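J.: Before I ask anything, here is the structure I am working with.
The values are calculated or read from the model by the stated rules, or taken from the named source; none is laboratory data. Everything numeric here is computed off the predicted structure, so don't read it as measured data. So basically every Cβ, Gly included, is an ideal-geometry build from the backbone, and we count neighbours across all protein chains shown. Surface accessibility is based on the protein's heavy atoms, side chains included, excluding ligands, DNA and RNA. Shrake-Rupley method; radii C 1.70, N 1.55, O 1.52, S 1.80 Å.
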Amino acid sequence: MAALAQSIRRSAIGLGLFAVITGGTIAFTQQLTADRIKEQRARAEAAALYEIIPESEHDNDLLNDTVTLPASDRIAIQGPVPARVARRAGEPTGLILPAVAPDGYSGDIQLLVGIDLSGEVLGVRVTSHRETPGLGDRIELKKSNWVLSFEGRSLGNPDPRNWNVKKNGGVFDQFTGATITPRAVVKAVQHTLIYFRQNRPAILEAIGADTTGQRQGAGRRQHNREQR
């Protein structure tokens, strides 16, 4: 009986040690994976910032020139909104806002939306998603040019009822076999523009904008787009 009890204790101790080691290994692996994912997202975001507003359009460091804007559920960001500001000779020329499309086919789609001071879209990039490869992933620039169709758009271009994919009466293309994903991104970009319009006075004040020169650079950006 004593031998049996001792054997049981040894087995219990062994199982306990195995559980501790296994649990520790899983936790370490998860933390390592989370850190890598976070680093990859940071790199993707940094690259996207300079795609949306190229260095030729500003002379400041987009990565370090940030302001905190009012919170809003309009763009599905929890808490105050961190925005990157583009400046030339100290004057703001545009900003890049984070946004989330919560209704993607496979969950949240993380976006960056560049807007000039008049409310015109400078560019949009997707930084993170889990959409279906070969279908919904065409929201990525490396997979298709679809995301470039937002450049130059505003709340009045097109009018509000046409901010949708063509299947639903809008002006934006959908993908063959995938309508949910592009529709979610279109809606997220539109909501970001609405957020900008609704909070424009506070935003312009936060970035130190001269409201009398809000259209500065618009003609040059249009020229640059036509040359692409």
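J.: Being part of a loop (DSSP other than H, G, I, E, B), of a type in the set (Ser, Thr, Tyr) and farther than 25 Å from residue 137 by Cβ is the filter here; which residues of segment 92-125 pass it?
T.: Taking segment 92-125 and keeping what is part of a loop (DSSP other than H, G, I, E, B), we get 105-106, 117-120.
Checking the rest, the ones that are also of a type in the set (Ser, Thr, Tyr) come to 105-106, 118.
118 - this is the single residue of segment 92-125 that is part of a loop (DSSP other than H, G, I, E, B), of a type in the set (Ser, Thr, Tyr) and farther than 25 Å from residue 137 by Cβ.
J.: Can you name the residue in segment 165-187 that is in contact with a helix residue (DSSP H, G or I) (Cβ under 9 Å, 6 or more places away or on another chain) and basic (Lys, Arg) and is also most open to solvent (accessible area, probe 1.4 Å) among such residues?
T.: The extreme case among them is 167.
J.: Tell me, please, whether a residue that is at pLDDT 95 or above and in contact with a helix residue (DSSP H, G or I) (Cβ under 7 Å, 6 or more places away or on another chain) can be found in segment 206-226.
T.: no
J.: Something else now. What are the residues in segment 41-72 that are out of contact with any strand residue (DSSP E or B) (no Cβ under 8 Å at 6 or more places or on another chain) and part of a loop (DSSP other than H, G, I, E, B), if any? Walk me through it before giving the result.
T.: To start, the set of residues in segment 41-72 that are out of contact with any strand residue (DSSP E or B) (no Cβ under 8 Å at 6 or more places or on another chain) comprises 42-43, 46-47, 50, 54-56, 61, 64.
Answer for segment 41-72, where residues must be out of contact with any strand residue (DSSP E or B) (no Cβ under 8 Å at 6 or more places or on another chain) and part of a loop (DSSP other than H, G, I, E, B): 54, 61, 64.
J.: If you scan segment 73-91, which residues turn out to be in a helix (DSSP H, G or I) and among the acidic types (Asp, Glu)? Write out each step before concluding.
T.: Within segment 73-91, the first condition is being in a helix (DSSP H, G or I), and the residues that meet it are 73-75.
If the condition is that a residue be in a helix (DSSP H, G or I) and among the acidic types (Asp, Glu), then 73 is the only one that fits.
J.: Restricting segment 127-147 to residues that are among the small types (Gly, Ala, Ser) and part of a loop (DSSP other than H, G, I, E, B), which is least open to solvent (accessible area, probe 1.4 Å)? Before the answer, list the steps.
T.: Quick first cut of segment 127-147, residues among the small types (Gly, Ala, Ser) only: 128, 134, 136, 144.
This time we only want the ones that are part of a loop (DSSP other than H, G, I, E, B), so: 134, 144.
Details: 134: 54, 144: 28 Å².
Going through the qualifying residues, I end up with 144.
J.: Here is a further query. Here are some residues: 159, 103. Which one is surrounded by fewer than 24 Cβ atoms within 10 Å (Cβ to Cβ) and under 16 Å from the mean Cα position of the chain (by Cα)? Please lay out each step first, then the result.
T.: Working: 159 fails: under 16 Å from the mean Cα position of the chain (by Cα).
Unique residue meeting the criteria: 103.
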